Amino acid sequence: MGRFKRDILVFGGGFVVLLVLGRFLGGYHLRVITEMAILALFAQSLNIILGYGGLISFGHAAFYGFGGYATAILLRETSLGLIPILVAATVLTTAWGLIVGAVCLRAARLYFAILTLAISQLLFVIVFQWYSFTNGDNGIHGLKVSEWMSQPYHYYGFTLGVVAAALFLIRLILSSPFGYALRSVRDNRQRVEYLGANVWTIRLVAFGIAAGFGGLAGGLYVGFDHMAYPMLVHWSKSAEPLLMIILGGVSSFWGAPAGAVLFVFMELILVKVTTHWLFILGLTIMILVLFFPKGVWGFVEARLGRRKVGGAP
Amino acid sequence: MSGEVLLELKGVRLSFGQVRAVDGVDLAVAKGDLTAIIGPNGAGKTTLFNLITGRYRPDSGRITLDGQDISGRPSHQITRRGVARSFQITNIFPSLTVAENVQVALQITDRQTYRLLADFRPLGRERVAEILDLVGLTDKAGHPAGELSHGDQRTLEIALTLALRPRLLLLDEPTSGMSSWETSLVTDLIGRISTEMDLTVLFVEHDMSVAFSAAKKVVVMHQGRVFAQGEPEAIRCNEAVRAVYLGEEE
């Protein structure tokens, strides 16, 4: 259990600090940080396959949205509490991820990326038009969560707890034999095959895990927003975690969460200044890619003089 | 021929379009043999390795390992049966450290890959140390593999194959691109692996002096066929071999 000590300190400590900090924040700021935390999990879920698996997916919203809609529909149709519903949404999205992965992983590189995009757009069209089930383009509104969960501070604390636990779990997985097998496949898939492992299965399992955590993030967001709408599945939602990862840095564990925080932060500030905030975001990303190819977190790490081999942890 | 046959190829053929890359190869490798495969460029040496390790499926013919048919099986399954190989172009995990490279190979061999919550770091520590010691990379254990010299990277690849505890080791030009100093180290290593670990080794070699000094048996390939085989001395003196191969080189 030795390896957990520092991580438990970081995740537990961060959770407690933010929890105390939340006491002094108003509803607006609580909502902002809640959203940051959810998107940090969303970005990290993608980074499992992107940063550690070397698989570029353009369709991760297919899992965020799937988890979101699963949560929304379960909230609408059942009287279960949010926690069991989120567990169910995560399991369902993992299963959906395994199916999508089994299809997409038949193809390589760019074809893989295009397939993920195609499947996510397929899901978008289904969600958009299946009025009797998803309420189509109107989305599902007015979802009820418990009295307790409706309090911004409570949901803030709940989200932080879930996200901290999920990130911790992802960190464990990435530092397990499986995590290293995944890095190995990224580095050199042929060598892995000739070590006697089935590359396809390793990637599929990683894809399922990434989908599950992406679905959990989507579910958390629906529990937060009390509604689900087709934009959760839209391709532009798939671009967000990609941008966050580029912002934060692909090659380390904290890159994706840092990128998510930065992304929300930039959005908030820039939206006040200009309606063309995406333009500024685009410029920023260009500058980052050109001058800080390892992302903001990668830059910070280099400054701190930390050597990372094979990507953190 | 010494002991039992470990690897046997019978009438193995493979064409790419009009090109008969491997054109009816019959070959038997006995347990414990240390065999070099030589031949001019395009003789089908690497293709033969690719057939044995399941990268290509033969058009016809049979490949058996210890009597079991392995022709056309997927690479990872053939590896599981104890066939390890290195490649002509170095094939390692550049972003992992030297020790982690070997650890990954061990963990896959020991079927630990799907332990999602176990700790990777202490895995197989002693075995890793043993293997690194054998190949002489102990003092570079913590280096990122991508930053090693070419010769060390090639040696690391041999270390990876040893982690598989193979029965049959296939090395594709293990000394290519190496300095003469590195070449002599690797030649020596191949000899030690074969005797100390009691491994059957088959290696493709471009460098004739390496092939003749390291191997106990030499197989000459030419135009997709086995042209001659025998003890290094016999091959060296074989007039026909000189004509097709040695003559060309010099």
Open item on the list: All but one of (1) surrounded by 21 or more Cβ atoms within 10 Å (Cβ to Cβ); (2) away from chain B (no Cβ under 11 Å); (3) over 23 Å from the mean Cα position of the chain (by Cα) hold for A:D137; state the number of the condition that does not hold.
Closed with: (1)
- [ ] State whether one or more residues within region A:249-263 are outside any helix (DSSP H, G or I) and within 25 Å of A:L86 (Cβ to Cβ).
- [x] yes
- [ ] Scan region A:70-93 for residues that are among the hydroxyl-bearing types (S, T, Y), in a helix (DSSP H, G or I) and farther than 22 Å from A:W130 by Cβ and report the count.
- [x] 1
Open item on the list: Quick check on my filter: what residues within region B:157-182 are at pLDDT 90 or above and part of a helix (DSSP H, G or I)?
Closed with: B:E157, B:I158, B:A159, B:L160, B:T161, B:L162, B:A163
TODO: Please work out if B:E205 is under 28 Å from B:R13 (Cβ atoms), in contact with a strand residue (DSSP E or B) (Cβ under 8 Å, 6 or more places away or on another chain) and free of Cβ contacts under 8 Å to residues at least 60 places away in the same chain.
DONE: no
- [ ] Considering only residues that are facing chain A (nearest Cβ under 7 Å) and over 20 Å from B:I52 (Cα atoms), look in region B:71-102 and name the one that is surrounded by the fewest Cβ atoms within 10 Å (Cβ to Cβ).
- [x] B:P94
Open item on the list: Looking at region B:137-156 only, could you name the residues that are aliphatic (A, V, I, L, M) and part of a helix (DSSP H, G or I)?
Closed with: B:A145, B:L156
- [ ] Check B:G42 against each of (1) within 13 Å of chain A (Cβ to nearest Cβ); (2) of a type in the set (G, A, S); (3) surrounded by fewer than 24 Cβ atoms within 10 Å (Cβ to Cβ) and name the one condition it does not meet.
- [x] (1)
TODO: Could you list all residues from region A:178-194 that are facing another protein chain (nearest Cβ under 9 Å), in a helix (DSSP H, G or I), without any contact (Cβ under 8 Å) to a residue 24 or more places away in the chain and in contact with a helix residue (DSSP H, G or I) (Cβ under 8 Å, 6 or more places away or on another chain)?
DONE: A:A181, A:S184, A:R191, A:V192, A:E193
TODO: With the condition kept exactly as written, say whether any residue in region A:195-209 is over 13 Å from the mean Cα position of the chain (by Cα) and either more than 13 Å from chain B (Cβ to nearest Cβ) or polar (S, T, N, Q) (or both).
DONE: yes
Open item on the list: I'd like the full set of residues that are assigned to a helix (DSSP H, G or I), surrounded by fewer than 23 Cβ atoms within 10 Å (Cβ to Cβ) and within 7 Å of another protein chain (Cβ to nearest Cβ), limited to region A:151-177.
Closed with: A:L172, A:I173
Open item on the list: Given the criterion surrounded by 21 or more Cβ atoms within 10 Å (Cβ to Cβ) and within 23 Å of B:T46 (Cβ to Cβ), identify the matching residue among B:L171, B:L137.
Closed with: B:L171
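The values are calculated or read from the model by the stated rules, or taken from the named source; none is laboratory data. Because the structure is a prediction, the values reported are computed rather than measured. FYI the Cβ positions are ideal-geometry reconstructions off the backbone, even for glycines, and counts take in every protein chain you see.
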